[in-house]
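Just so it is clear, none of the values below were taken in a lab; they were calculated from the coordinates. Values in this document were obtained by computation on a predicted structure and should not be read as measured data. Reconstructed Cβ throughout: ideal geometry from the backbone, glycine too, with neighbour counts over all protein chains shown.
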């Protein structure tokens with residue numbers, strides 16, 4: 001057995017609040033909403049998917065946002081995204097603690113923490129990816 005790729009990431013959301021998810025995931029992040037299969041749609045939640053990124057929001061009762069655990073997205077314009085998120089009223093936290101990367105955290109409408117980052121010097125990227133997360137000093141942060 002070999003792991004091939006991450007198919008999707010799932011985050012929790014409160015029951016019945018799909019309309020709060022759409023302005024964030026669809027409009028701010030640009031992920032088109034996809035219909036859930038009928039049997040899964042009965043559970044609530046919503047799916048947002050592009051060709052490369054799939055984020056599924058599932059109902060969790062009782063709901064607790066992910067304040068530490070998070071998804072990290074590579075983006076082309078960290079500061080532009082931060083400005084748009086702030087203008088839309090979302091909480092944005094600047095973080096410069098990962099050398100070689102411009103990065104921020106944005107909290108979705110439910111309080112889930114999401115990381116957005118861009119390599120400042122793309123020539124360093126292959127080395128970092130080759131080393132993998134276990135060799136980074138950021139593990140467990």
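Provide the gained length on full extension for the span residue 96 to residue 83, in nm with one decimal, where the gain is 0.36 nm per separating residue minus the Cα-Cα distance.
Extending this stretch completely gives an extra 3.0 nm.
Expressed as a whole percent, how much of the Cα-Cα distance distribution for the chain exceeds 28 Å?
Within the chain, distances greater than 28 Å cover 22 percent of Cα pairs.
With each pseudo-label sitting 7 Å past Cα toward Cβ, what's the residue 39-residue 64 distance in nm, one decimal?
3.0 nm
Could you calculate the contour length gain from residue 53 to residue 26, that is, 0.36 nm times the residue separation minus the distance between their Cα atoms, to one decimal place in nm?
8.5 nm is the gain from fully extending residue 53 to residue 26.
When only C-alpha pairs under 8 Å and at least 6 residues apart count, what is the relative contact order of region 34-115, in percent?
Rounded, it is 24 percent for region 34-115.
With the contact rule set at Cα under 8 Å and sequence spacing of 6 or more, what percent relative contact order holds for the chain?
With pairs under 8 Å counted, the relative contact order is 21 percent.
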